[in-house]
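Sharing a structure below in structure tokens format, with a few things to ask.
Nothing in this text is a laboratory measurement; each read-out follows from the coordinates by a stated rule. Note that the structure is predicted; figures quoted are calculated from it, not measured. Here the Cβ positions follow ideal geometry from the backbone for every residue, glycine too, while neighbour counts run over all protein chains shown.
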Amino acid sequence: MSFLAENFDAVVIGAGHAGIEAGLSMARLGFKVCVFTINMDSVGNMPCNPSIGGTAKGHLVKEIDALGGQMGKSADATFLQSKMLNKGKGPAVHSLRVQSDRRAYQEYMKKVLEETENLYLKQAEITKIHIENGEVKGVYTHLDTYYSCKAVIIASGTYLKGKIIIGDKSYEGGPDGMFAANSLSQSLIDAGVSLRRFKTGTPARVNKRSIDFSKMQEEKGDDKIIPFSFENTDIGENKVSCYLTYTNKETHQIIKDNLHRSPLYAGLIEGVGPRYCPSIEDKVVRFSDKERHQIFIEPMGLSTNEMYIQGFSSSLPEDVQIKMMHTVKGLENAEIMRIAYAIEYDCVDPLELYPTLEFKKIKGLYGAGQFNGTSGYEEAAAQGLIAGINAALKLKGEEPLILDRSESYIGTLIDDLVTKGTNEPYRMMTSRSEYRLLLRQDNADLRLTPIGYKIGLISEDRYNAFLSKKERIEKEIKRLRKATLSPSEKVNSLLKSLGSVPLSTGIHVADLLKRPEITYDSIAEIDETRQETDFFICQQAEISIKYEGYIEKQLLQVEQFKKMEGKKLPSDIDYLNLRGLRIEAAQKLDKIRPANLGQASRISGVNPADISVLLIYLESLRQ
Amino acid sequence: MEFDTIAAISTPIGTGAVSAIRISGKDAVKIGDKIFFGKKKLSQCESHTAHYGEIKYNEKTIDMVLCLVMKGPNTYTGEDTVEIFCHGGIVVTKNVLETVLAAGARQALGGEFTKRAFLNGKMDLSQSESIIDIINAKSSLEKDIAINQAGGTLQKNIFALRQELIEISANMMAFIDFPDEDLINDTTETLCEKMKLCLEKVEKLLRSYQSGRIIRDGINTAIVGKPNVGKSSLMNIFAGCDKSIVTDIEGTTRDVVEERVDIDGIILNLWDTAGIRQSDDKVESIGVLKSKEKLSKAQLVIAVFDGSIPLSSEDEEIIRLLEGKKVIAVINKTDLEEKIDKNYIESLGIPTISISALSEKGIDELKGKIKEMFIDENLISSGEEIITNARHFEALTKCKNSLCQGISAFETGLTADMISIDLENAISSLGEIVGMTVSEEIVDTIFRKFCVGK
């Protein structure tokens, strides 16, 4: 029999990377929130690679931290190896990535949840959401226990009707041997939410003792480690290495010979998989001229021998997987501990969501993470944070937080999702951000910490430290612009040694810094008035000056962009009867209900003439 | 509300005597100052005054115009507005518009002036519905244009070019987004070389647009003939005013008189030449020499003969000079008795048209003949082609600038992140023509071309 167990302000379904940020942000903002997990031992699990960050994803983690989220701090506390990617390609695309101790990360995160005031962590499967008059009222567990609440955030990952597929075998299940959540989907369908199937996969895990690392190339971390969290400065040293090996012709032959046994090629998989996470059989088929593919071996943690075999995702039958694994150099005797699998799951079309991540049709219901059609821990955490913040702001009766494309990757991610939708699990990439020179991982705090502070997720202490950092950056930029260098013997001999043209007249240090071959560090000995020593402050000053021209170019683009974003569209416009809109545009606008003209203009099928009609309509409202 | 500065031809495109180009927006006067050269700078002129002067592009005079300068809010759009009244005709008008666009204005979209007028409160609400109708009409026109263009060569070239740039960009972005992958990647050097190749193509397109087609730049037409057969009279009929001095004294026209005339939308760059004959007068001799030179450069020669007298040896000499040229023989003075051997001229393969410069009889026939010889009717029947070309020009110019910046960024040793922004700007400039977005296509190309991912 159903009974009311407790009243919460909000309920979060799922305690993965999205659910954690959603629950923590709401609790930290003072709301009584319950985070439900289907298994208490799977909190903050990394069911795929034991790694956080990477290109564009590293940016997301930095932004989460800048807003007052948790992921960066936990990643810093439990990292095994750290690497700044793309170092030679310019600061805008530097991306931080760490190998994580998977179990340590989970335990760390679980403890953070447990220690957080207002947050309740419970093991139960939520089977039904109670919705009345289009508004969320509460949730039921699999034991029919009822919890009332005003907001529900679904962060169900790959659990909804999860189905594991390996070769011609398939069964109901969540990731890492967990149960699937089989009931919630129906409750959502009953509430008018339309669901669809996506697919993803993960490679095998192998016992370290069975790997011959002498045949592989060692991949070390960076000497100088940059933390994710702006609150950290020194987080210790690298503890492990990764290893690189390659597939070969023999591997590819085994795959080709057994393609007919792949569920994907045999048509057994209905879900849409991501292009950036292709299975090894996919790579071999699509890029048949490539003679070898990279395989990275990544440790799963310090307390385990399990090694993650990156690049070897597959849904081929177990016997084929074993055979092909043993063709790879160093993996000849590899002992597989967990077999690679594909997983299919229910998720929602993100076009059904507002940029706040609240459902358009159901008040108080939010989605985050893989449930919204994304992929990746970082993408999930970013959405969890935004959904949590917006649910809290709504309960407070305050304006929602919608980050835009020009201020963050998080904003770009969510705008893409709710404006363009996605036909595959969406992954963040630097190429998706048109303002990437401004949205660097190094300045995430400058962009977002004031917002985090205003919301209430950044403490007074941290904010004051941030303000003083900002002031010091500005001071150093000013100094560099003012300080001059004369064409002295010392200056010119240094310039020559750096391969730079010697001076014939005096020059401002800032102008010298604009030469591509000159770095801030390289001119330390001739920059005599320099006092600043803080790495992060010097770095900001250097980038601001060095990239000034391009930064200005982007700022001009942002200015144009902001004009359009500033024109808000009322949520109740009757697009279908708005005179002048073309039918396709009217239908798209009606479905997506953009928040402003800028968003409207990014919808495919809405052209400049349609935007003109909307502009005129807006003006008629104003008069 | 402040918008960027837009410009467009605001009179119907075609053959009106005067065309107007409207510039509206915060930089309208500034842009006007860059291209208009009158007694005073427009910025120093009082609002709502008209000024006579030249429009210049790269120091070359495009046209003599009347320029109206009007400061907002008392203008049609409510913004600062400059209106340029130039000589009608497709080429001049388009050249003026291009000059304006090159000086920093953006080609206005269909209905955009009206839209601004409305948004700036210059129109009342009762007019809004009709505005929406206008915009709709324009947009369906735009759709038609797009369909027309799909088969066009320039359009195809732009598509192909854009595709090349997307490939380059995808290469660069794959290299950035998937740093661990052993992509069989182009080096940044080869990417830069590829950018340079694209730049060359863009420049070629720009050149072909700038200098190329007859319809744009006009047909270089020499009017030749022995003295006093009515060359200058013919010229004046074309020009519609007394530009050449017409007298009955042989050798009156001593220099080459040039005139751009518009006949039904086609431009003739008319060269009225000195009569070709042996002369002892030194000045006249130079004129004759110049005439011969012009004749050799002309794309069309209108050879004028006096129909009232038989062919003379001078006429024969002229006929010899015509060999290998596109020629129309104009038999003038049909008001008098015809004594010329027309059949002989026609037997040489030269079409003849009989006219009377005095009564202007036969002039329409002559115009028709010129059109027939040079113009594919399809090219000029549609006004869309012209608007679009101005947009192409603007987009290509922007594309060129971005590519130049990207290449120079590469050459000065700047990093991939910056070059990638220039590349994307170049692509989106070309995409403006067809309204395509950049980043999604690059992402798609990365996945199509490269084996990336875990």
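Would you mind giving the three semi-axes, in whole Å and largest first, of the ellipsoid equivalent to region B:289-355 according to its Cα gyration tensor?
20, 12, 11
Can you figure out the FRET efficiency of A:E471 with B:K297, using R₀ = 51 Å and their beta-carbon distance, to the nearest 0.05?
According to the calculation, E is roughly 0.15.
Another question about this same structure. Quick one: which residues, 5+ away or cross-chain, put their amide H under 5 Å from the amide H of A:V35? H built at 1.01 Å from N.
Amide H neighbours of A:V35, under 5 Å, 5+ apart: A:V12, A:Y120, A:L121, A:K122.
Right, another one. If you put +1 on each Lys and Arg Cβ and -1 on each Asp and Glu Cβ, how big is the dipole of the protein assembly as shown around its Cα centre, in Debye rounded to 20?
Here the protein assembly as shown has a charge dipole of around 980 debye.
Further question: Could you point to the residue in B:G38, B:H51, B:M64 farthest towards the positive end of region B:6-108's charge dipole, with +1 and -1 charges on the Cβ of Lys/Arg and Asp/Glu respectively?
About the Cα centre, the residue reaching furthest to the positive side is B:G38.
Something else now. Using θ = phi - 60° and the Karplus relation 6.51 cos²θ - 1.76 cosθ + 1.60, list the HN-Hα couplings for region A:218-233 in order, rounded to whole Hz, with x at every Gly or Pro.
7, 10, 9, x, 6, 6, 9, 9, 9, x, 6, 7, 5, 8, 9, 10
Please find the FRET efficiency linking A:T533 to B:K26, where r is the Cβ-Cβ separation and R0 is fixed at 51 Å, and quote it to the nearest 0.05.
0.65
With an 8 Å Cα cut-off and a minimum separation of 6 or more residues, compute the relative contact order for region B:6-108 in percent.
37
For region B:59-70, in order, what is each residue's ³J(HN,Hα) by Karplus, 6.51 cos²θ - 1.76 cosθ + 1.60 with θ = phi - 60°, in whole Hz (x at glycine and Pro)?
3J(HN,Hα) across region B:59-70, in whole Hz: 6, 9, 6, 8, 6, 8, 9, 10, 10, 9, 10, 9.
Given the pairs A:K62/A:K110; A:K161/A:K396; A:K470/A:K562; A:K87/A:K239; A:K161/A:K323, which are separated by over 26 angstrom at their Cα positions?
Checking Cα-Cα distances, A:K161/A:K396; A:K161/A:K323 exceed 26 Å.
Simple spin-label model, 7 Å along Cα-to-Cβ: B:S308 to A:A5 in nm?
Calculated label separation equals 11.6 nm.
Which lysines have a Cα less than 25 Å from the Cα of B:K39, not counting those fewer than 8 places away in the same chain?
In chain and number order, the partners are B:K26, B:K30, B:K56, B:K60, B:K71, B:K94, B:K243.
Students often get this wrong: which residues of region A:275-293 have the backbone nitrogen under 20 Å from the point 7 angstrom along Cα-to-C-beta of A:Q253?
A:280-293
Where the centroid of each part is defined by its Cα atoms, how far is region A:158-172 from region A:255-309 in Å?
16
Give a residue-ordered list of calculated ³J(HN,Hα) values for region A:366-375 (Karplus: 6.51 cos²θ - 1.76 cosθ + 1.60, θ = phi - 60°; whole Hz; x for Gly, Pro).
10, x, 7, x, 4, 4, 8, x, 9, 9
Considering only Cα-Cα distances, which of the following residue pairs are longer than 20 Å: A:K32/A:K73; A:K73/A:K111; A:K32/A:K122; B:K196/B:K398; B:K325/B:K369?
Where the Cα-Cα span goes over 20 Å, the pairs concerned are A:K32/A:K73.
Among A:S262, A:S493, A:V35, whose Cα projects farthest towards the positive end of the dipole of the protein assembly as shown, with charges put on the beta-carbon of Lys, Arg (+1) and Asp, Glu (-1)?
A:V35
A further question follows. Taking amide H positions as placed 1.01 Å from N in the peptide plane, with prolines and chain starts having none, which residues 5 or more places from B:Y57, or on another chain, fall under 5 Å of its amide H?
B:I62
Moving on. How many partner chain Cβ atoms sit within 10 Å of a residue's Cβ in peptide A:549-556, on average, as a whole number? Could you put the intermediate results ahead of the total?
Values: counts 4, 9, 1, 0, 6, 3, 0, 0.
Mean shielding count: 3.
Still on this structure, I have one more. Round to a whole angstrom and tell me the spacing of the C-alpha centers of region A:592-620 and region A:70-109.
With region A:592-620 and region A:70-109 each reduced to a Cα centre, they are spaced 40 Å.
Can you list the residues of region B:222-237 with backbone N under 19 Å from a point 7 Å past the Cα of B:L289, pointing along Cα to Cβ?
Under 19 Å, as judged by backbone N against the label point of B:L289, lies no residue of region B:222-237.
How about region B:36-87: which GluC sites (Glu not before Pro) there lie in a loop by DSSP and see at most 16 other Cβ atoms within 10 Å?
Listed in order of number, the matching sites are B:E46, B:E59.
What full-extension length gain, to one decimal in nm, is calculated for B:E54 and B:E317 as 0.36 nm per residue of separation minus the Cα-Cα distance?
Stretched out fully, the B:E54 to B:E317 stretch lengthens by 90.6 nm.
If you restrict to DSSP beta bridges whose two residues both lie in chain A, what percentage is antiparallel, to the nearest 5? Walk me through the intermediate numbers first.
Details: 54 of 78 bridges.
In chain A, DSSP labels about 70 percent of beta bridges as antiparallel.
Separation between the A:I189 and B:L348 pseudo-spin-labels, each 7 Å from Cα along Cα→Cβ, expressed in nm?
Placing both labels 7 Å along Cα→Cβ, they lie 9.0 nm apart.
Quick one: Cα centre-to-centre distance for region B:35-107 and region A:452-490, in angstrom?
47
Of all the Cα-Cα pairs you can form in the protein assembly as shown, what percent are over 45 Å apart?
Result for the distance tail: 47 percent.
Using the alpha carbon gyration tensor of chain A, what are the three equivalent-ellipsoid semi-axes (square root of 5 times each eigenvalue), largest first, in whole Å?
Each semi-axis is √(5λ); the values are 40, 35, 25 Å.
Taking a ≥ b ≥ c as the square roots of the Cα gyration tensor eigenvalues, with a/c under 1.5 meaning rounded and otherwise prolate when a/b beats b/c, else oblate, which class fits region A:99-184?
In terms of gyration-tensor shape, oblate.
Given a cut-off of under 8 Å on Cα pairs at least six residues apart, what relative contact order in percent is computed for chain A?
16
Counting just the Cα atoms, what span does region A:470-551 cover along each of its three principal axes? Round to the nearest Å and put the largest first.
Computed over region A:470-551, the largest-to-smallest principal extents equal 35, 27, 19 Å.
Between the DSSP loop rule and a limit of at most 12 other Cβ atoms within 10 Å, which trypsin sites (Lys or Arg not before Pro) in region A:21-103 are left?
Values: sites: A:R28, A:K32, A:K57, A:K62, A:K73, A:K83, A:K87, A:K89, A:R97, A:R102, A:R103; in loops: A:K32.
For trypsin sites (Lys or Arg not before Pro) across region A:21-103 that sit outside H, G, I, E and B with at most 12 neighbouring Cβ atoms in 10 Å, the list is empty.
Now a separate question. Please compute the contact order of region A:127-226 in relative form: average sequence separation of alpha-carbon pairs under 8 Å and at least six residues apart, divided by the residue count, as a percent. Show your work: numbers first, answer last.
Values: 102 pairs, mean separation 18.2, N = 100.
Relative contact order of region A:127-226: 18 percent.
If amide H atoms are built 1.01 Å from N in the plane of the peptide, which residues on other chains or at least 5 residues away come under 5 Å of the amide H of A:H508?
Under 5 Å from the amide H of A:H508: A:L485.
Of the listed peptides B:336-347, B:17-28, what is their order by residue-averaged count of other C-beta atoms within 10 Å, with the highest listed first?
B:17-28, B:336-347
What is the distance, in nm, between label points placed 7 Å from the Cα along the Cα-to-Cβ direction at A:D144 and at A:K290?
5.4
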